[in-house]
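Novice: Shown below is the structure under consideration.
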Amino acid sequence: MDIPHWQQRFESWFARQPASDDAAHDLSHFRRVWATAQHIMQQEPASAGVVLAACYFHDIVNLPKNHPQRHLASAQAAERARAILTEDFPDFPAALHDDVAHAIHAHSFSAAVTPLTLEAKIVQDADRLESLGAIGLARVFYVSGQLGRGLFDSEDPLAERRPLDDSRYAVDHFRSKLLKLPGTMQTRTGRELARHNADFLIGYLAKLCAELNGEFAASDPGVAARLAD
């Protein structure tokens, strides 16, 4: 399969669609997930055609994080992607449709679907890596701003004396989800990248806590230890 050819065709298809108003799940996001997936595939040989299609169409149905049916979005995206491949790309191998659909269905954190194929594991890891590191830091505040959530609790930013509530504070999302992602990674490369990028987020939290304590030129050295659990 000519992967650059199919990537160009998928990009051309998106260029004909209405522009997305969600900068966290736009064409640039799909490109980054595909780039990360290619990096993982250097150590995990897989069907590039399946991974490519799943990376580009995994969020073709994307419900807001506070939507009551958020957990169903990836199943809906899988069926929508299958229809797009059938109707708009009839020469895309039909034998790959089921694997593409499964990879899309299994990518979602909220859906809690176990990836059963190597391709699905790679797509899940690549998408979750978007939530970590510098890109993840930018995206969490972008999404929280869209939802009208506060930045952090100035008195207890790490929620050490109160329940975590990421529906109220963006920074709470780090502990409630993001810092747990390394433990969910399916591939060795995914785990290595996730741990490295999670450490970046912990470093950010350490700097945030120090600044909230008036220490503007330092980071709180105790944050990493307190987040070790």
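Novice: If I filter segment 143-162 for residues that are within 20 Å of G203 (Cβ to Cβ), crowded, with 18+ Cβ neighbours inside 10 Å, of a type outside the set (A, V, I, L, M) and under 20 Å from the mean Cα position of the chain (by Cα), do I get at least one hit?
Specialist: yes
Novice: Residues of segment 85-98 being closer than 16 Å to R9 by Cα and either buried (at least 18 other Cβ atoms within 10 Å of the Cβ) or charged (D, E, K, R) (or both), which ones?
Specialist: The answer is L85, E87, D88, D91, F92.
Novice: Consider L179 against the criteria (1) out of contact with any His (no Cβ under 7 Å at 6 or more places or on another chain); (2) assigned to a helix (DSSP H, G or I); (3) free of Cβ contacts under 8 Å to residues at least 40 places away in the same chain: it satisfies all of them except one. Which criterion is unmet?
Specialist: (3)
Novice: Just one of the numbered conditions (1) farther than 21 Å from H29 by Cβ; (2) part of a loop (DSSP other than H, G, I, E, B); (3) not acidic (D, E) is not true of Q186; which one?
Specialist: (1)
Novice: Quick check on this structure: which one of L52, L137 is closer than 30 Å to L208 by Cα and under 17 Å from the mean Cα position of the chain (by Cα)?
Specialist: L137
Novice: If I go through segment 24-59 residue by residue, how many of them are among the hydrophobic types (A, V, I, L, M, F, W, C), open to solvent by 30 Å² or more (accessible area, probe 1.4 Å) and closer than 23 Å to L137 by Cα?
Specialist: The total comes to 2.
Novice: Enumerate the pairs (first residue in segment 202-216 and in contact (Cβ under 8 Å) with a residue 60 or more places away in the chain and among the hydroxyl-bearing types (S, T, Y); second residue anywhere and surrounded by 15 or more Cβ atoms within 10 Å (Cβ to Cβ) and assigned to a helix (DSSP H, G or I)) with beta-carbon separation below 8 Å, excluding pairs fewer than 6 apart on the same chain, so at least 6 apart or on different chains.
Specialist: Y204/L137
Novice: Quick check on my filter: what residues within segment 111-136 are over 20 Å from R32 (Cβ atoms) and modelled with pLDDT under 95?
Specialist: Taking segment 111-136 and keeping what is over 20 Å from R32 (Cβ atoms), we get 111-114, 116-118.
If the condition is that a residue be over 20 Å from R32 (Cβ atoms) and modelled with pLDDT under 95, then A111, A112, V113, T114, L116 are the ones that fit.
Novice: Just to be sure before I move on: is D166 touching a helix residue (DSSP H, G or I) at 6+ places or on another chain (Cβ under 7 Å), surrounded by 14 or more Cβ atoms within 10 Å (Cβ to Cβ) and farther than 23 Å from R31 by Cα in the structure I sent?
Specialist: Yes: the conditions hold for D166.
Novice: From (1) surrounded by 23 or more Cβ atoms within 10 Å (Cβ to Cβ); (2) aliphatic (A, V, I, L, M); (3) within 22 Å of Q76 (Cβ to Cβ), pick out the condition that doesn't hold for V113.
Specialist: Among (1) surrounded by 23 or more Cβ atoms within 10 Å (Cβ to Cβ); (2) aliphatic (A, V, I, L, M); (3) within 22 Å of Q76 (Cβ to Cβ), the lone unmet condition for V113 is (1).
Yes/no matrix, rows are residues, columns are (1) touching a Cys at 6+ places or on another chain (Cβ under 7 Å); (2) more than 30 Å from S144 (Cα to Cα); (3) without any contact (Cβ under 8 Å) to a residue 60 or more places away in the chain; (4) not hydrophobic (A, V, I, L, M, F, W, C):
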| residue | (1), (2), (3), (4) |
| --- | --- |
| D2 | no, yes, yes, yes |
| H5 | no, yes, yes, yes |
| R9 | no, yes, no, yes |
| D21 | no, no, yes, yes |
| V33 | yes, no, no, no |
| M41 | no, yes, no, no |
| E44 | no, yes, no, yes |
| A54 | no, no, no, no |
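Novice: Cβ-Cβ distance below 9 Å, separation of 6 or more or different chains: which pairs start in segment 128-151 with a residue that is in contact (Cβ under 8 Å) with a residue 60 or more places away in the chain and end on one that is polar (S, T, N, Q) and open to solvent by 50 Å² or more (accessible area, probe 1.4 Å)?
Specialist: From segment 128-151, the pairs are L147/N66; L147/S167.
The values are calculated or read from the model by the stated rules, or taken from the named source; none is laboratory data. Computed from a predicted model, the values in this text were never measured in an experiment. Glycine gets a Cβ as well: all are built from the backbone with ideal geometry, and neighbour counts include every protein chain shown. For the accessible areas, the whole protein counts, side chains as well, though only heavy atoms, and no ligand, DNA or RNA atoms are used. Shrake-Rupley method; radii C 1.70, N 1.55, O 1.52, S 1.80 Å.
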